[in-house]
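To keep things clear, I will list the structure first and then write my remarks on it.
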Amino acid sequence: MAAKKLPSSRVGLREIAALAKVSVATVSRVLNGNKRVDPGIRDLVLKAADSLKIDLSQRNKTKALAFLLCNRTMLHAFHSRILIGAEEYSASQGWDMIFLSYNYSRHIPWKELHLPKVVQRHDVVRGVILAGSNSMNLIELLEHRNITFSLLGNNIIDPPAQLRHDVVVSDDVQGGYDMTRYLISQGHRGICFVGNLRLPYYSRCYSGYKKAMEDAGLEPRHSTINSEDDAEIGYLGTKALLSAHKPVTAIFSGNDFSAHGVYRALRDSGLRIPDDISVVGCNDTVGPWLYPALTTIREFPEQLGSHLVETLLRRIANPELASQQVSIPTELIKRDSTRPAAFTHVATPAQQGAPVGIL
């Protein structure tokens with residue numbers, strides 16, 4: 001008498017392991033997307049599951065992703081909007097989102113970093129979205145722990161020439177180029193960049209500015225302040241420019257937060273925006289709230305968040321997929337902080353304030 005076939009609801013990992021001639025642990029690793037499983041063995045497990053009419057993608061009861069905000073304040077305006085976009089897209093796909101704040105030093109080896117414990121639980125978190133400001137030691141750690149992740153590419157400190165990971169970026173390099181070309185079209189020639197070029201989100205924007213200046217036969221000039229306080233960067237960087245005795249018609253601030261510091265420095269020096277000096281920013285976070293309203297580069301953080309989740313889910317579904325690179329374009333937003341250049345401003349000694357060295 002032929003043996004009765006077990007109902008599909010009772011067929012589990014042991015039956016798959018027996019048919020594929022592998023261990024139950026190996027089947028579990030395939031189910032959890034472990035990248036250390038040999039592709040040939042993975043195929044055997046998947047074929048065994050298919051022949052038993054088991055959909056492995058539906059067997060994992062936990063469908064959760066972790067949003068890991070690194071080295072940033074929890075209420076950071078830009079990254080909060082990335083989180084909103086990520087959470088909304090996750091929910092639309094039936095996945096939960098866990099939010100975690102994680103601070104670490106880029107100066108220590110990856111082996112000495114200590115990840116949040118929940119991130120290391122493959123049975124709880126299936127993948128990680130890396131936002132905030134990151135460095136390669138954390139990326140190496142995730143690779144060694146076989147943790148699937150997608151990465152916000154704008155804020156990576158000292159990245160290699162070519163990232164081989166799933167990366168989503170806002171095209172702030174092109175945005176910086178477009179903004180500089182706009183200022184040049186208004187007749188500005190003394191266009192100066194203010195930021196901290198040691199930080200990637202400033203240096204990317206600066207690279208677009210620099211290329212536009214060089215393409216126009218103009219000298220790129222920057223005032224870089226070694227700080228992570230955006231308002232301080234804008235304030236001190238502007239004071240440094242005004243004390244350098246060189247013509248300034250427009251200041252390109254590396255983000256909207258530092259533009260607030262630029263505004264304060266110009267007003268403390270008795271200068272008017274945009275009558276004396278035009279000011280522009282990047283990311284369109286607080287630009288509409290400044291007075292006059294800031295001309296800036298609009299980025300789309302909610303779109304960044306949704307694409308970070310989309311690439312991550314695609315990676316979870318297909319671990320052998322080639323690395324994914326997604327670039328989100330920016331938009332130039334024209335407001336009241338700029339005007340055509342009527343003359344070249346050189347700060348007087350009374351306007352310069354206390355000298356601040358360009359670092």
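Any read-out appearing in this document is the output of simple, stated calculations on the displayed coordinates, not a laboratory observation. For clarity, every value in this text was computed on a predicted model and none was experimentally measured. Cβ: placed from backbone, ideal geometry, glycine included. Neighbour counts: every protein chain shown.
Distance cut-off 20 Å, Cα to Cα: go down the list LYS246/LYS334; LYS63/LYS117; LYS211/LYS239; LYS21/LYS47 and report the pairs above it.
Table pairs above 20 Å Cα-Cα are LYS246/LYS334; LYS211/LYS239.
Mean-square fluctuation check for the chain, GNM, Cα pairs under 10 Å: which of LEU75, LEU65, LEU83 is largest?
LEU75
Which distance in nm do the two modelled labels at HIS144 and ALA342 give, with both placed 7 Å along the Cα-to-Cβ direction?
Output for this residue pair reads 6.2 nm.
Assign unit charges at the C-beta atoms only (+1 for Lys and Arg, -1 for Asp and Glu), then state the dipole size of the range 11-53 relative to its Cα centre in Debye, rounded to the nearest 20. Working shown, then result.
Details: 8 positive and 4 negative charges, 22 e Å.
For the range 11-53, the charge dipole is close to 100 debye.
Do any GluC sites (Glu not before Pro) in the range 288-335 lie in a DSSP loop with no more than 14 other beta carbon atoms within 10 Å, and if so, which?
On the way: sites: GLU299, GLU302, GLU310, GLU320, GLU331; in loops: GLU299, GLU320.
Passing both the DSSP loop test and the Cβ count: GLU320.
Just to be sure I understand: if I project the alpha-carbon convex hull of the chain onto a plane and average over all orientations, what area do I get in nm²?
On the way: hull surface 81.2 nm².
For the Cα atoms of the chain, the hull's average projected area reads 20.3 nm².
Put +1 on the Cβ of each Lys and Arg and -1 on the Cβ of each Asp and Glu in the range 11-53; which of SER28, ILE16, LEU46 then has its Cα farthest toward the positive end of the dipole?
Farthest towards the positive end: SER28.
Stretch GLU219-GLN325 to full length: gain in nm at 0.36 nm per residue minus the Cα-Cα span? Walk me through the numbers before you get to the answer.
Working: separation 106, 0.36 × 106 = 38.16 nm, distance 3.25 nm.
The span from GLU219 to GLN325 would gain 34.9 nm if fully extended.
Within the range 148-240, report the trypsin sites (Lys or Arg not before Pro) that DSSP leaves as loop and that have at most 12 other Cβ atoms within 10 Å.
Passing sites in the range 148-240 are ARG164.
Given the options SER133, SER227, TYR202, identify the residue whose Cα lies farthest towards the positive end of the charge dipole of the chain (+1 on Cβ of Lys, Arg; -1 on Cβ of Asp, Glu).
SER133
Place a +1 charge on the Cβ of each Lys and Arg in the chain and a -1 charge on the Cβ of each Asp and Glu, then give the dipole magnitude about the Cα centre in debye, rounded to the nearest 20.
Details: 41 positive and 35 negative charges, 281 e Å.
The dipole magnitude comes to about 1340 debye.
Report the Cα centroid-to-centroid distance between the range 89-137 and the range 177-200 in angstrom, as an integer.
Here the answer is 35 Å between Cα centres.
How many angstrom separate the Cα center of the range 314-335 from the Cα center of the range 232-304?
Each part's Cα centre sits 29 Å from the other's.
Of the residues CYS70, CYS205, CYS282, which exhibits the maximal mean-square fluctuation in a Gaussian network model of the chain defined by a 10 Å Cα contact cut-off?
Result: CYS70 has the largest fluctuation of those listed.
Just tell me which aspartates and glutamates come within less than 14 Å, Cα to Cα, of LYS53; anything on the same chain fewer than 8 places away is out.
GLU15
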